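Novice: The structure is given below, and queries will be raised subsequently.
Every number here is computed from the coordinates shown, using simple stated rules; none is lab data. Keep in mind it's a predicted model, so treat the numbers as computed, not measured. Glycine also receives a Cβ, built like all others from the backbone with ideal geometry; neighbour counts cover every protein chain displayed.
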Amino acid sequence: DAKTTQPTSMDCAEGRAANLPCNHSTISGNEYVYWYRQIHSQGPQYIIHGLKNNETNEMASLIITEDRKSSTLILPHATLRDTAVYYCIVITTSGTYKYIFGTGTRLKVLA
Amino acid sequence: GAGVSQTPSNKVTEKGKYVELRCDPISGHTALYWYRQSLGQGPEFLIYFQGTGAADDSGLPNDRFFAVRPEGSVSTLKIQRTERGDSAVYLCASSLMQGPYEQYFGPGTRLTVT
């Protein structure tokens, strides 16, 4: 079973920030949080990952709570092309590093 | 550079037939993963290769499914005696090496069993 829970769907106005939450209350100290997105009919695309600290790259920011039990992916200025399913995944630092996907959050960016 | 490629992009086969799905990972990536995605669901892990060996095949649903990676690069997922329930998108991903590194996914092969 997936170690994460996410809302099924969200809407966001174009140009506004999209904040996608993820709960991972059973996360262990050596487990990373990864975010991917999947645009219709494509393979999942890596966005960002983090362990304890907040992270930012050219695509998004990742905010991880101090207790690490939840995180938020932030798309600062959502565009129509950001409409996709967003997956939050917890990865252990041992084993085979396989991804256990949940059903993700379907983000719809509205014009 | 070139990403992960998968062939064919679409495959339609009759129930009971044998199919092979091919994955070309990113050059130099030693870790390779296969996933299966049914409509409306997230991808489901099938098998993981580190080099030529299958390090984890715990996700293969039954013995009709088999995968190989003989030279540590290209991988083939083989399905015998296909069933309608095997219809899904089969995704391949590669990663630079074993570890918590990002996986790069291919576009997938859509398999339809009639």
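Novice: Per-residue HN-Hα couplings for segment A:54-66, Karplus 6.51 cos²θ - 1.76 cosθ + 1.60 at θ = phi - 60°, whole Hz, x for Gly and Pro?
Specialist: 5, 10, 9, 9, 5, 9, 6, 10, 10, 10, 10, 5, 4
Novice: What is the fewest-to-most order of B:Thr112, A:Thr72 by other Cβ atoms lying within 10 Å of their Cβ?
Specialist: Details: B:Thr112 13, A:Thr72 16.
Listed from fewest to most nearby Cβ atoms, that is B:Thr112, A:Thr72.
Novice: Evaluate the Kirkwood expression for the hydrodynamic radius of segment A:3-55, namely the inverse of the mean inverse distance over all pairs of different C-alpha atoms, and round to one decimal in Å.
Specialist: On the way: mean 1/r = 0.0756 Å⁻¹.
The Cα-based Kirkwood calculation yields 13.2 Å.
Novice: Quick one: divide the alpha-carbon radius of gyration of segment B:1-107 by 2.2 N^0.38 Å and tell me what you get.
Specialist: Details: Rg = 13.1 Å, N = 107, 2.2 N^0.38 = 13.0 Å.
For segment B:1-107, the normalised Cα radius of gyration comes out at 1.01.
Novice: Please name which of B:Gly72, B:Gly99, B:Gly85 has its Cα lying farthest along the dipole of segment B:64-114 towards the positive end, using unit charges on Cβ (Lys, Arg +1; Asp, Glu -1) and the Cα centre as origin.
Specialist: Of the listed residues, the answer is B:Gly85.
Novice: I've got another one for you. Stick to the Cα atoms of chain A, pair each with every other, and give me the Kirkwood hydrodynamic radius in Å at one decimal. Mind dumping the intermediate values first?
Specialist: Numbers: mean 1/r = 0.0714 Å⁻¹.
Kirkwood radius, chain A: 14.0 Å.
Novice: Quick one: in the protein assembly as shown, what % of C-alpha pairs are over 22 Å apart?
Specialist: Numbers: 13060 of 25200 pairs.
Summing the P(r) tail past 22 Å for the protein assembly as shown gives 52 percent.
Novice: Separate question: Through the Karplus equation 6.51 cos²θ - 1.76 cosθ + 1.60, θ set to phi - 60°, convert the phi angles of segment B:95-104 into ³J(HN,Hα) values in whole Hz; use x for Gly and Pro.
Specialist: Taking θ as phi minus 60°, the curve returns 9, 3, 7, 5, x, x, 9, 5, 9, 9 Hz for segment B:95-104.
Novice: To the nearest 20 Debye, how big is the dipole of chain A about its Cα centre, given +1 on the beta carbon of each Lys and Arg and -1 on that of each Asp and Glu? Kindly include the intermediate steps, with their values, before the conclusion.
Specialist: On the way: 10 positive and 9 negative charges, 35 e Å.
The calculated dipole for chain A is roughly 160 debye.
Novice: I'm checking a number: the convex hull volume of the Cα atoms of segment A:69-111, normalised per residue, in Å³. What is it?
Specialist: On the way: hull volume 4.2 nm³, N = 43.
So the per-residue hull volume is 97 Å³.
Novice: Right, next: Suppose every Lys and Arg Cβ carries +1 and every Asp and Glu Cβ carries -1, with no other charges. What dipole size does chain B come out with about its Cα centre, to the nearest 20 debye? Could you put the intermediate results ahead of the total?
Specialist: Numbers: 11 positive and 11 negative charges, 83 e Å.
So the magnitude is around 400 debye.
Novice: Let me ask another. What are the lysines whose alpha-carbon lies under 17 Å from the alpha-carbon of B:Lys11, with same-chain residues fewer than 8 places away excluded?
Specialist: In chain and number order, the partners are B:Lys78.
Novice: Based on DSSP loop calls and a cut-off of at most 11 other Cβ atoms within 10 Å, the longest stretch of chain A free of exposed GluC sites (Glu not before Pro) is what? Walk me through the intermediate numbers first.
Specialist: Details: sites that count: A:Glu58, A:Glu66.
For GluC sites (Glu not before Pro) (loop position, at most 11 other Cβ atoms within 10 Å), the longest site-free span of chain A is A:1-57.
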